[in-house]
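K.L.:
Sharing a structure, written as structure tokens. Questions coming.
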Amino acid sequence: MRLRGKACVTASLVLAAALGCANGDGDATPTGTPSPPSTRAERPSTAAPTPKPPDPVSIPGLIAREHRGGDLRLGAVRARTDAYTQYAVTYRANGLTISGLMNVPEGEGPFPALVLAHGYIDPAVYTTGRGLAREQDLLARNGYVVLHTDYRNHAGSDDDPDNDVGLRLGYTEDVIAAVKALRGSGRPEIDGDRIGLLGRSMGGGVVYNTLVVAPGLVDAAVVYAPVSSRPEENIDRFQRPRGDPLVAEIEAEHGTPEENPAFWRAVSPVTYVDRVTEPLLIQHGTADDTCPLTWSERTAAAFEAAGKDVRLVKQPGEGHTFSTRWRASMDTTMDFFDRHLR
């Protein structure tokens, strides 16, 4: 297995500050008093300016943050099958308690583990574990511990009132913490050295964020029918057309893409794709009228241009929710995870 926590140095972390020179003449000497003779050549100040901290609502802001995750607790048994037991779980993510479900395969472990990041479901109607039920079942039946995170503000998780105006970057913190909670749990059925990510739709965007914020955290990642890697495109497609009042709040806080392009570049994971160290599999239906295939084509092209290990699989005729080719797509996914996690 490769080493964890690789150091990744990226120029995007620190914004350059203008250097100034201290002037040794003038105001320090009272008027009418001759200046003492200089005993050495005047030199410009060499003190480095204090770098401006990154905006906390940004990818650099997430990179700079110390991410904490742990205290994985198994609660009530939700289901028992011939292949796995499903538990309600909670874990801690940067001070918040996050709920979810975890499927633990039958048999002798330790098993490789996967963190699942679901797509958008209105938190008002969301119930724990909802969104990736087919994937949770099949992956556990094939020998993976599967932790499905609910995210903050969902089901039994703690509330974060600033998350929506903060472009839901808190979900990325929750996924990073889920991996750390698995790795630090000490549970004998979990192999903390073999962990992958799977995200669908909005969860695909969360996976993109995680890969650029925490390179080396996992071994491999898969996204299905992902949203755009540019948040302004997601807002224009999903929120602005239906008059979501959150758009006005976001733009009042951060400016529009035209008014503040630097902010919008800094919240786009594709801006920092050079940081990624994990192999990525993208699966997208050619008939997806929710998240256009062009979004994944452009993101894959950005990964390729940066020399990253990325593969885009186009599923012919599939819409946003895979149907006839879902099992074939999952076979591709499991082959990918088996190659990188087994």
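K.L.:
Every residue in segment 68-91 that is under 30 Å from residue 270 (Cβ atoms) and either surrounded by 18 or more Cβ atoms within 10 Å (Cβ to Cβ) or polar (S, T, N, Q) (or both), please.
P.N.:
Listed by number, the residues that qualify are 69, 91.
K.L.:
Looking at 207, 179 in this structure, which one is hydrophobic (A, V, I, L, M, F, W, C) and under 29 Å from residue 246 (Cα atoms)?
P.N.:
It is 207.
K.L.:
If we keep just the residues of segment 174-193 that are assigned to a helix (DSSP H, G or I) and β-branched (Val, Ile, Thr), which is surrounded by the fewest Cβ atoms within 10 Å (Cβ to Cβ)?
P.N.:
That would be 179.
K.L.:
Out of 76, 113, I need the residue that is within 18 Å of residue 217 (Cα to Cα), in a strand (DSSP E or B) and not acidic (Asp, Glu). Which one?
P.N.:
Result: 113 is the single residue among 76, 113 that is within 18 Å of residue 217 (Cα to Cα), in a strand (DSSP E or B) and not acidic (Asp, Glu).
K.L.:
Of 170, 186, 196, 204, which residue is at positive phi and not β-branched (Val, Ile, Thr)?
P.N.:
From the options 170, 186, 196, 204, the qualifying one is 186.
K.L.:
Being among the hydrophobic types (A, V, I, L, M, F, W, C) and touching a Gly at 6+ places or on another chain (Cβ under 7 Å) is the filter here; which residues of segment 80-120 pass it?
P.N.:
Once the filter is applied, which keeps residues that are among the hydrophobic types (A, V, I, L, M, F, W, C) and touching a Gly at 6+ places or on another chain (Cβ under 7 Å), segment 80-120 yields 88, 89, 93, 101, 111, 114, 117.
K.L.:
From the set of residues in segment 114-141 that are more than 27 Å from residue 163 (Cα to Cα) and crowded, with 16+ Cβ neighbours inside 10 Å, which is farthest from the chain's Cα centre (by Cα)?
P.N.:
Among residues in segment 114-141 that are more than 27 Å from residue 163 (Cα to Cα) and crowded, with 16+ Cβ neighbours inside 10 Å, the one farthest from the chain's Cα centre (by Cα) is 141.
K.L.:
Does segment 132-146 contain at least one residue that is part of a helix (DSSP H, G or I), in contact with a helix residue (DSSP H, G or I) (Cβ under 9 Å, 6 or more places away or on another chain), among the basic types (Lys, Arg) and within 25 Å of residue 299 (Cβ to Cβ)?
P.N.:
Yes; the residues of segment 132-146 include at least one that is part of a helix (DSSP H, G or I), in contact with a helix residue (DSSP H, G or I) (Cβ under 9 Å, 6 or more places away or on another chain), among the basic types (Lys, Arg) and within 25 Å of residue 299 (Cβ to Cβ).
K.L.:
Across segment 156-196, what is the number of residues that are among the polar types (S, T, N, Q), free of Cβ contacts under 8 Å to residues at least 24 places away in the same chain and out of contact with any helix residue (DSSP H, G or I) (no Cβ under 8 Å at 6 or more places or on another chain)?
P.N.:
0
K.L.:
Next question. So which residues in segment 203-241 are closer than 19 Å to residue 121 by Cα and either hydrophobic (A, V, I, L, M, F, W, C) or modelled with pLDDT under 95 (or both), if there are any at all?
P.N.:
206, 207, 223, 225, 227, 235, 238
Table: residues versus (1) closer than 26 Å to residue 335 by Cα; (2) among the polar types (S, T, N, Q); (3) touching a residue at least 24 places away in the same chain (Cβ under 8 Å).
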{"position": "83", "(1), (2), (3)": "yes, no, yes"}
{"position": "88", "(1), (2), (3)": "no, no, yes"}
{"position": "96", "(1), (2), (3)": "no, no, yes"}
{"position": "110", "(1), (2), (3)": "yes, no, yes"}
{"position": "115", "(1), (2), (3)": "yes, no, yes"}
{"position": "118", "(1), (2), (3)": "yes, no, yes"}
{"position": "135", "(1), (2), (3)": "yes, no, yes"}
{"position": "138", "(1), (2), (3)": "yes, no, yes"}
{"position": "142", "(1), (2), (3)": "yes, yes, yes"}
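The values are calculated or read from the model by the stated rules, or taken from the named source; none is laboratory data. Note that the coordinates shown come from a computational prediction; the quantities given were computed from them, not determined experimentally. Cβ coordinates were reconstructed from backbone atoms using ideal geometry, including for glycine residues, and neighbour counts include every protein chain displayed.
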